[in-house]
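The values are calculated or read from the model by the stated rules, or taken from the named source; none is laboratory data. All values derive from a computational prediction rather than experimental measurement. Virtual Cβ from ideal backbone geometry, glycine too; neighbours counted across all protein chains shown.
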Amino acid sequence: MMMVILAWKNIWRNKKRSLIILAATVIGVTSGLFVIGMMSGMYDSIVSSAINRELGSMQIHTAEYKKDQLISQFIPVPDSIVSLLRSHPDVQSVARHSLIEGMASSATTATGVMIFGIKPEDEKQVTSVSQSIIEGTYLDSSQKANSIIIGKKLAEKLKLKLRSRIVLSFSGLEGNIVYAAFRISGMFQTNATLFDQTNVFVPQQDLTALLGTEAPVHQIVLRTKDSKILEQTKSELQKKIHNGILVETWKEIAPEIKLTADSSDIVNVIFLGIILFALLFGLTNTLLMSVLDRVRDFGVLLAVGMYRRRLFLMIILESFFLSFTGGIIGVAFGWGLTTYFNVNGIDLSVLSTGLSAFGIPTMLYPYLPSVVYRNLTIMMIITSIIAALYPAIKAVRLKPVEAIRTI
Amino acid sequence: MALIEIQKVNKIYNTTSVAVQALKDITFKIEEKEFTAIVGPSGSGKTTLLNVIGGLDKVSDGKVLLNGQDITVMNEGKLIDFRLHNIGFVFQAYNLIPVLTALENVEFVLFLQQVGKKERNQRAIELLKQVGLEDQADRKPAELSGGQQQRVAVARALASHPAYVLADEPTANLDSHTAESLLDLMQDLNKEHGITFVFSTHDSKVIRRARRVITLEDGEVTSDKIS
């Protein structure tokens, strides 16, 4: 304990010097944590918005559809699969999609789109399209036949307004071309421009009427209750669903999103590493100056019987106190700043065009995953030890008889 | 068996240009409870001799027996341990730890000896009483006068129950009144508690009080007088 007290008191021998390195540590850690909080918030919202918008927790398709995405490659008995899914305790909600590639045309222009045939009430439980309506209304059973909702971006591209007519054309099940006019009942805007430009949603019953047969189901999207047991739920479901039907988690469907989620921890560690690496030199310099100022004291300590290993430990402790005092204050500030903006959000709407190209929401809610605190603690311990090594080695190599005579 | 026995000790400093012989065939014994001064002009080798006796400096040749143990064959670790448990040091510039209080400075040696907190605190207070500084226990060295600091240094030197105390020019930085007062204290400790003191000095006040004076010139003992 006395060694701890001595080390603590030693770091305050030269207050200015210690305060400078403390300030550098506080600023470094605070800003580092805040930036990590921003990045974590961004990664998290990229992942969660992709899941909410289109991916769901899991998707089910036929193996053939995964390869060719043809209208004929539908799930043969979707109702039994949906019943099975709904009976699983971890499945929260299920939605069926008819997915048909086609063309959307206005009076002036046309573009390729993916036509989603949906059951509007089921869809509400699975994706966030219903919550992204910015003009008009979402699809519901009270509306007239051939209502459609499209992305605001697509409407702009096709120069269409709410209530305008839009013509969809696509290949039917028999290879025939189907044309149909729809009236725009609502427009949605998500944080992904590409999604808004390329997807339209119509009631499945309208597709049934157009195709002359029950609208084929190409995709079943489901949300689970507990994301931590996603893989377990998937394997349980896959065991029950056979005959070339694939159950895939969002991580398998969108590996690029999974990479974003997985890489955040690594990016955070690298970022912290860069900050602490810069601080390491400042800390080493402070400790070295401190050691050089105390050569005579160390000579006395060695003379009166202090083991060299204890002297070494004392300097490590000094480094530890210096870095952790700054670190703890920095963590407090970083946590405070991140928490404040987590509640209030950071409005990045001035960058909305660029951000939505990458599917990043314009309101950012930074947060610090608990693993960051653990990583920071481990990295600060390592940094404080490395920073103290050279000064400590220099101190323990002193010869007491020479050191005592140092002025 | 003598407390300190120096046998044909030579110390040669090899500088880049020339070898300097600081000690030449020094041989003498110091018994327990002595109050001995090693004197001589600057450069005569008295500090080197004190360092050798204190296990701070290696000899080039010869033996240094302390309580019968030859410290010239001890490795670094054993020497540190030996110094910790057998030798008290008083330095010219006091050399207290500036961030610790007087009490903590005295306690520190006991801490190094791994004495428990309660015991070391009691002993440190007792020692500060002995040197007349019990009311200054909570002051840091910078808040004490030179004489008070040197008294704390004496208390620190005595904390480990050493076999003897080595004092290198202990009065050099003190005014004459304070120096006399410090010497009174050391003499009392010697007489009443039987503590052996070995001084390196050229201060006449110390020489006058020493019961034995060993004179060095050019690294050689030129006289060894017991009064």
Counting only residues that are among the hydrophobic types (A, V, I, L, M, F, W, C) and not in a loop (DSSP other than H, G, I, E, B), how many does the stretch B:1-26 have?
9
Among the residues of the stretch B:36-56, are any assigned to a strand (DSSP E or B) and without any contact (Cβ under 8 Å) to a residue 40 or more places away in the chain?
no
When every residue in the stretch B:103-120 that is more than 7 Å from chain A (Cβ to nearest Cβ) and aliphatic (A, V, I, L, M) is compared, the one surrounded by the fewest Cβ atoms within 10 Å (Cβ to Cβ) is B:V115
Whichever residue in the stretch A:56-71 is assigned to a helix (DSSP H, G or I) and surrounded by fewer than 21 Cβ atoms within 10 Å (Cβ to Cβ) and, among such residues, is nearest to the chain's Cα centre (by Cα)
A:K66
Residues that are within 9 Å of chain A (Cβ to nearest Cβ) and among the polar types (S, T, N, Q): does the stretch B:129-144 have at least one?
no
Across (1) in contact with a strand residue (DSSP E or B) (Cβ under 8 Å, 6 or more places away or on another chain); (2) modelled with pLDDT under 90; (3) not acidic (D, E), A:R183 clears everything bar (2)
If you check B:V154 against the conditions, is it surrounded by fewer than 23 Cβ atoms within 10 Å (Cβ to Cβ) and touching a residue at least 40 places away in the same chain (Cβ under 8 Å)?
no
Run B:N95 past the list (1) within 21 Å of A:R13 (Cβ to Cβ); (2) within 10 Å of another protein chain (Cβ to nearest Cβ); (3) exposed (fewer than 15 other Cβ atoms within 10 Å of the Cβ) and report the number of the one that doesn't hold.
(3)
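Residues are listed down the side, and each one gets a yes or a no for (1) under 15 Å from A:K394 (Cα atoms); (2) within 14 Å of chain B (Cβ to nearest Cβ); (3) not in a helix (DSSP H, G or I):
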position	(1), (2), (3)
A:V267	no, no, no
A:N285	yes, no, no
A:L288	yes, no, no
A:F312	yes, yes, no
A:L337	no, no, no
From (1) of a type outside the set (S, T, Y); (2) more than 19 Å from B:V213 (Cα to Cα); (3) more than 12 Å from every other protein chain (Cβ to nearest Cβ), pick out the condition that doesn't hold for B:G40.
(2)
Taking the residues in the stretch A:151-207 that are within 14 Å of A:S132 (Cβ to Cβ) and part of a loop (DSSP other than H, G, I, E, B) as candidates, determine which candidate is farthest from the chain's Cα centre (by Cα).
A:Q189
Strands (runs of 3 or more DSSP E) wholly inside the stretch B:177-227 that include at least 3 residues being buried (at least 18 other Cβ atoms within 10 Å of the Cβ)
B:196-201, B:212-217
Given the condition under 30 Å from A:Y340 (Cα atoms) and out of contact with any Cys (no Cβ under 7 Å at 6 or more places or on another chain), answer yes or no: does some residue in the stretch A:1-17 qualify?
no
Looking at the stretch A:95-108, can you tell me whether even one residue there is of a type in the set (V, I, T), assigned to a strand (DSSP E or B) and under 24 Å from the mean Cα position of the chain (by Cα)?
no
How about the stretch A:234-250: which of its residues are outside any strand (DSSP E or B), crowded, with 20+ Cβ neighbours inside 10 Å and more than 22 Å from the chain's Cα centre (by Cα)?
A:L237
Candidates B:L100, B:L84 - the one that is surrounded by fewer than 22 Cβ atoms within 10 Å (Cβ to Cβ), within 16 Å of the chain's Cα centre (by Cα), modelled with pLDDT of 90 or more and at the interface with chain A (Cβ under 10 Å from one of its Cβ atoms):
B:L84
Would you call A:G186 on the phi > 0 side of the Ramachandran plot and of a type outside the set (D, E)?
no
